[in-house]
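Here's the structure we're looking at; comments come further down.
The values are calculated or read from the model by the stated rules, or taken from the named source; none is laboratory data. Predicted model, so just to flag it, every value in this text is computed and none were measured. Cβ atoms come from the backbone with ideal geometry, glycine included; neighbour counts cover every protein chain shown.
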Amino acid sequence: MLLGARAAGEPWNAADRQLLADFARQAGIAIHAVRLTAALQQARTQLVTAREEERRRLRRDLHDGLGPILGSLALEADIARDLVRTDPQRAEALMREIMTQAQTAVQDIRRLVYALRPPALDDLGLVPALAALTKANQASGVEFVVEAPVDLPPLPAALEVATYRIVQEAITNVVRHAQAQHCLIQLVLSSRPDQAGLWITIADDGRGIPENRRTGVGLTSMRERAIELGGSCSFAPGPACGTRIEVWLPRA
């Protein structure tokens with residue numbers, strides 16, 4: 001904003017300064033609103049793109065995976081029915097093939113369901129599901145501890161899935177790269193008006209993230225999951241060593 005005096009050498013008086021300060025304040029709010037609108041539009045575009053990519057993946061898996069298997073099952077079952085009387089041995093062999101293909105189809109369905117929402121969240125709940133996740137990684141030699149409120153209330157489905165996936169990715173990174181002995185996973189539900197939501201902290205005592213290391217797919221995925229819900233995700237060295245990940249997910 002370029003300003004000039006009304007006349008050469010005429011100084012700014014108090015009223016002029018107050019008027020300009022008010023105008024600059026309003027202009028700043030307007031500029032900030034435009035930037036927020038652009039950022040919101042970009043976030044919406046990313047969400048739509050991610051959703052369509054997920055739909056494309058599901059369509060491909062259903063069409064190229066389950067579709068042919070189910071079609072083959074129907075065809076072989078029809079053939080086996082015709083062979084029951086004329087060639088029982090061949091019919092029995094076909095039935096064994098049908099059973100094998102049916103088991104494969106069931107595994108594919110479970111994989112697709114798990115990709116949409118981990119069954120453990122519905123079967124166990126968020127905190128027990130995270131505990132089961134850490135227990136499954138005990139063989140790595142890392143001691144995982146999950147701390148969460150005993151009376152953690154039910155959370156929105158999207159928040160639960162994001163929390164589970166973020167912690168899952170963090171555990172994978174700790175096991176593969178951190179060379180840590182201990183890892184603490186904390187869940188804290190905040191009711192502060194400006195930061196109401198779930199705080200997730202994952203801290204390990206490993207070697208930490210090298211300064212010149214490029215952000216990998218795992219860390220990027222964690223940050224994107226938080227941003228998709230309007231939250232935030234940060235990575236920093238621990239107080240003494242290791243890595244500290246802090247994630248905030250708004251509850252609403």
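Note on region 173-187: residues that are at pLDDT 90 or above and loosely packed, with under 14 Cβ neighbours inside 10 Å amount to 1.
Within region 93-113, the residues that satisfy the criterion of being more than 30 Å from Val161 (Cα to Cα) and surrounded by 13 or more Cβ atoms within 10 Å (Cβ to Cβ) are Ala93, Leu94, Met95, Glu97, Ile98, Gln101. Candidates are the residues of region 75-92 that are more than 20 Å from Gly65 (Cα to Cα) and of a type in the set (A, V, I, L, M); the one that is surrounded by the most Cβ atoms within 10 Å (Cβ to Cβ) is Ala80. For region 196-203, the count of residues that are surrounded by 12 or more Cβ atoms within 10 Å (Cβ to Cβ), at pLDDT 90 or above and in contact with a Gly (Cβ under 6 Å, 6 or more places away or on another chain) is at least one. Flag not set for Gly218, criterion: free of Cβ contacts under 8 Å to residues at least 60 places away in the same chain, assigned to a loop (DSSP other than H, G, I, E, B) and under 27 Å from Ala240 (Cα atoms).
Yes/no per residue for (1) modelled with pLDDT under 90; (2) within 30 Å of Arg111 (Cβ to Cβ):
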{"position": "Glu10", "(1), (2)": "yes, no"}
{"position": "Ile29", "(1), (2)": "no, no"}
{"position": "Leu47", "(1), (2)": "yes, yes"}
{"position": "Arg56", "(1), (2)": "yes, yes"}
{"position": "Ile98", "(1), (2)": "yes, yes"}
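Every condition in (1) within 22 Å of Glu143 (Cβ to Cβ); (2) modelled with pLDDT of 85 or more holds for Gly208 except the one numbered (2). Can you confirm whether Asp61 is modelled with pLDDT under 80, surrounded by 11 or more Cβ atoms within 10 Å (Cβ to Cβ) and not hydrophobic (A, V, I, L, M, F, W, C)? When the stated conditions are applied, Asp61 passes them.
Considering region 221-252, and only residues there that are of a type in the set (Ser, Thr, Tyr) and in a strand (DSSP E or B), the residue that is surrounded by the most Cβ atoms within 10 Å (Cβ to Cβ) turns out to be Thr243. Name the residue, out of Ala102, Ala74, Ala80, that is free of Cβ contacts under 8 Å to residues at least 12 places away in the same chain and either assigned to a helix (DSSP H, G or I) or under 32 Å from the mean Cα position of the chain (by Cα) (or both). Matching residue, one of Ala102, Ala74, Ala80: Ala74. Scanning region 145-170 for residues that are of a type outside the set (Val, Ile, Thr), more than 22 Å from Val217 (Cβ to Cβ) and surrounded by 16 or more Cβ atoms within 10 Å (Cβ to Cβ) yields Ala148, Leu155, Leu159, Glu160. Of the numbered criteria (1) modelled with pLDDT of 90 or more; (2) under 23 Å from Ser191 (Cα atoms); (3) of a type outside the set (Ser, Thr, Tyr), the one Pro156 fails is (1).
The set of residues from region 211-247 being among the polar types (S, T, N, Q), modelled with pLDDT under 90 and closer than 21 Å to Arg165 by Cα comprises Thr215, Thr220, Ser221.
Just to be sure, is Leu112 modelled with pLDDT under 90, part of a loop (DSSP other than H, G, I, E, B) and within 18 Å of the chain's Cα centre (by Cα)? Criteria not met by Leu112.
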